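Quick note: the coordinates plus some simple rules give every number you see, no bench work behind them. Note that the structure is a prediction, hence the values are computed from the model and not measured. Methodologically, a virtual Cβ is constructed for each residue, glycine included, from the backbone with ideal geometry; neighbour enumeration extends over all protein chains shown.
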Amino acid sequence: MRIIDRIFAFAVLGVLGLTMTSCMRANTKKDKDPTDDTPSGYYSDSDASKTTDPSAKLERLKGPKKKVLILNFWNDTPVGDETLGSFAVDELKHELASSRHVLFPDDKFVSSVTKDFVDGDRVQSAQLVREGRRFGVSAVVVGRISKITFRQDREEVGLLRKAESAVVVDIEMKVFDVTSGREVASYKRSGIANNTSHVVFDEDRLSSKEARMEISKDALHDAVLKLVPDVLVSMDKMDWQGRIAKIVGNKVYLNAGRASGLLAGDILKVQSPGEEIIDPVTRAFLGRSDGFLKGTLEVSDFIGTDSAMATIHTGGNFQEGDVVRLY
């Protein structure tokens with residue numbers, strides 16, 4: 001091949017190489033998510049990528065978290081250990097908290113339990129809703145451990161005999177919407193726990209109270225796991241609401257803030273608390289009416305872990321205890 005032909009061939013290959021490189025760079029830029037505004041470079045904030053996390057964006061779109069009051073469950077079984085009711089609630093709170101959809105009032109201020117609001121076969125919904133309003137929550141959850149069944153099966157022959165212990169626990173749970181004053185959901189779920197071991201002669205693995213409590217808690221945990229999706233579905237059907245905690249001049253302080261998921265600039269409508277509707281004949285509590293619209297607020301700043309300051313946007317005559325909702 002002549003020298004001039006070789007030079008021409010090398011030139012062609014060089015052009016093709018540059019073209020392919022530029023195409024690859026172009027494709028790389030094209031494939032980059034146009035919504036990804038994460039800065040890049042040496043001086044980039046290491047935490048900036050968190051703002052573009054899709055799950056974080058989705059959480060913000062879902063709106064504020066709802067507050068729920070869960071009263072210690074009533075252990076209505078012959079196994080008279082009230083710690084089982086508090087254990088069930090602790091497990092339920094732990095699982096719900098991991099969903100990042102709900103918040104709970106401070107336990108040290110909660111002294112009432114489910115049994116306080118039960119009259120025969122009825123739940124005293126009016127008193128229960130008032131308790132929920134006192135804590136400024138969207139929902140109240142009550143529950144009852146209705147049945148605990150112990151069973152044991154073991155081999156009949158041998159020095160060391162294989163024994164299988166089992167416990168089934170039944171839980172009933174009700175969810176009340178504080179805004180409307182109505183029961184919105186009722187569930188019943190069962191949990192089971194098994195324990196296999198080897199015993200000597202006629203040893204009874206469920207004879208001690210400690211052993212029964214241990215395996216009962218395992219069954220309660222299983223039942224609670226089945227209740228968690230039900231509670232979340234019930235909460236999703238409710239409207240978020242907070243309330244005005246204090247008014248100082250033209251500054252309005254709310255009982256919800258950063259932890260609840262409010263954002264600076266959020267516009268909230270303000271309503272009066274509404275009235276309880278009582279049947280004049282039966283005196284039964286029927287629910288609560290919607291309050292009248294007073295105006296709107298704009299979230300301007302945050303205080304503490306879960307409180308916010310807002311300024312008056314429209315309207316007026318706001319009072320402590322007025323209800324606030326997303327506009």
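Summary of values
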quantity: Listed pairs LYS188/LYS269; LYS93/LYS251; LYS67/LYS269; LYS93/LYS147; LYS174/LYS294 exceeding 26 Å between Cα atoms; calculated: LYS188/LYS269; LYS93/LYS251; LYS174/LYS294
quantity: FRET efficiency for GLU320 and LYS226, using Cβ-Cβ distance with R0 set to 41 Å, rounded to 0.05; calculated: 0.55
quantity: Burial ordering of ARG151, ARG283, ARG325, fewest other beta-carbon atoms within 10 Å first; calculated: ARG283, ARG151, ARG325
quantity: Surface/4 of the Cα convex hull for region 242-326, nm²; calculated: 6.0
quantity: Residue order, fewest to most surrounding Cβ atoms within 10 angstrom, among ILE312, ILE244, ILE70; calculated: ILE312, ILE244, ILE70
quantity: Computed lengthening from ALA264 to ARG283, 0.36 nm per intervening residue step minus Cα-Cα distance; calculated: 2.5 nm
quantity: Gain in span if fully extended, SER190 to ILE312, counting 0.36 nm per residue against the direct Cα distance; calculated: 39.0 nm
quantity: Ranked list, fewest to most other Cβ atoms within 10 Å of each Cβ, for LYS67, LYS147, LYS209; calculated: LYS209, LYS147, LYS67
quantity: Extension reserve of the ILE303-GLU275 stretch, reckoned as 0.36 nm per residue once the Cα distance is removed; calculated: 7.0 nm
quantity: Other-chain or far-sequence residues with amide H under 5 Å of GLU82's (modelled H); calculated: none
quantity: FRET efficiency for ASP90 and ASP290, using Cβ-Cβ distance with R0 set to 35 Å, rounded to 0.05; calculated: 0.50
